[in-house]
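Down below is the structure, laid out as structure tokens.
The values are calculated or read from the model by the stated rules, or taken from the named source; none is laboratory data. Predicted model only: the values in this text are computed from it and were never measured. Using ideal geometry, Cβ is built from the backbone for each residue, glycine included, and neighbour counts are taken over all protein chains shown.
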Amino acid sequence: MKKVSLKDIALQAGVSTALVSYVLNGKEKEARVGEAIAGKIRALAKELNYQPNHLAKSLRSGKTHTIGLIIADISNPFFANIARVVEDEAKRSGYTVIIGSCDENADKAWDLITVLINRQVDGFIIVSCEGSGNQIMYLKERNIPFVLLDRHFPDIQTDFVATNNYKASFDAGIHLISGGYTRIGLIAYKSEMYHMQERIRGYRQALQDSRIEFQDDWLKEVRFETMEKEVKVAIEELLSSDQKVEAIIFATYGLAINGLKYINELRLKVPSDLAIVSFGQAEVFDLYYCPITYLRQPLEMLGKTAVEYLLKKLKNPDEEMKQVLMEAKLIARDSSKVKSGWISG
């Protein structure tokens, strides 16, 4: 089927190709085209199913109206949902989003960045992974517009939109302590990434502020690649130490899902045997026999704000740097209800 060109519309409308181009590019006022003619051209374009040549348009403008979105792990509902928000928000402003998942792997993240640069995306929104700081420096040095989402590097000055991870983790700890739990474990990723370190710091601060002495064997750090196996070992160690824990905070959704599976295998009852709080929101937390207390990150605002900041940078490269931390909200459910016999003071 032959593709309809501007010339085809011009022939049928009885006008010049240039006039059709002006109208379909929204420049009829500049060309002083009458409303009747402009309406006729648009109606014909619709009737003939005219599809503009975006490649030619991109070559003329130097813009592709595409954004590269690199997320850490597409299997995590938090990132899947944030990708949807970014896509919808970008579409409202006429941008297409190309999404890639790096699976928490810096080499894969670099491959995605280079592919998307070659695809000539106008800019990036990136959920960084461990060891990708040099990639962020590369984009910065080459003045490629980008905004970091959910994770950032404190020693690299960039635009970012993220959650206040320290406060969220602190709130989780205080919530459990105020419910009578004093022996609280944290299962986190073994990572130097700032967001993960902040979650550990918030947890430890909650214990310190409540005059609970932190025990080294209450903190378990597992590797992303071998998460399933290592979470089991972490839970076994937390439950068999001299200071056996009464509650566990999971620093991510993925850790929580693997942990809850194993807790079921051990036939432990939540919360009577073990109270639970997790980062991240997912429907599965509602479906578990004991609804899970979780930290709800402002996913929609994070995604929308990242798009807004990137589009401002694309319009004005000299736009001032924006760094925003948003607050997570603790949603208290049955998995962390007040300890039996505890009277809060």
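Taken together, the residues in the stretch 142-170 that are buried (at least 19 other Cβ atoms within 10 Å of the Cβ) and of a type in the set (D, E, K, R) amount to 3.
Taking the numbered list (1) in contact with a Pro (Cβ under 9 Å, 6 or more places away or on another chain); (2) surrounded by fewer than 17 Cβ atoms within 10 Å (Cβ to Cβ) in turn, residue 285 passes all entries but (2).
Against the conditions (1) of a type outside the set (A, V, I, L, M); (2) surrounded by fewer than 16 Cβ atoms within 10 Å (Cβ to Cβ); (3) at pLDDT 95 or above, residue 123 satisfies every one except (2). Within the stretch 252-270, residues that are without any contact (Cβ under 8 Å) to a residue 60 or more places away in the chain have Cβ atoms under 7 Å from residues that are polar (S, T, N, Q) and buried (at least 23 other Cβ atoms within 10 Å of the Cβ) in these pairs: 256/278, counting only partners at least 6 apart in sequence or on another chain. Condition check for residue 273 on (1) in the same structural domain as residue 172 (by TED's automatic domain parsing); (2) within 19 Å of residue 146 (Cα to Cα): one failure, at (2).
So which residues in the stretch 271-322 are of a type in the set (Gly, Ala, Ser), in contact (Cβ under 8 Å) with a residue 60 or more places away in the chain and assigned to a strand (DSSP E or B)? Walk me through how you get there before you give the answer.
Taking the stretch 271-322 as the starting set, the residues that turn out to be of a type in the set (Gly, Ala, Ser) are 272, 275, 278, 280, 282, 303, 306.
From what's left, in contact (Cβ under 8 Å) with a residue 60 or more places away in the chain: 272, 275, 280, 282, 303, 306.
Correct list: 275 only.
Pairs meeting the criteria (first residue in the stretch 206-234 and among the small types (Gly, Ala, Ser), second residue crowded, with 20+ Cβ neighbours inside 10 Å, beta carbons under 7 Å, at least 6 apart or on different chains) are 206/170; 206/173; 234/187; 234/220; 234/222. Screening 273, 209 for residues that are modelled with pLDDT under 95, among the charged types (D, E, K, R) and farther than 26 Å from residue 104 by Cα leaves exactly one candidate, 273. Looking only at residues of the stretch 260-282 that are of a type in the set (S, T, N, Q) and surrounded by fewer than 17 Cβ atoms within 10 Å (Cβ to Cβ), we find that the one that is farthest from residue 246 (Cα to Cα) is 264. Of all residues in the stretch 101-128, those that are farther than 25 Å from residue 312 by Cα and in contact (Cβ under 8 Å) with a residue 60 or more places away in the chain total 1. Annotation: of all residues in the stretch 216-242 being touching a helix residue (DSSP H, G or I) at 6+ places or on another chain (Cβ under 9 Å) and not in a helix (DSSP H, G or I), the one that is farthest from residue 130 (Cα to Cα) is 242.
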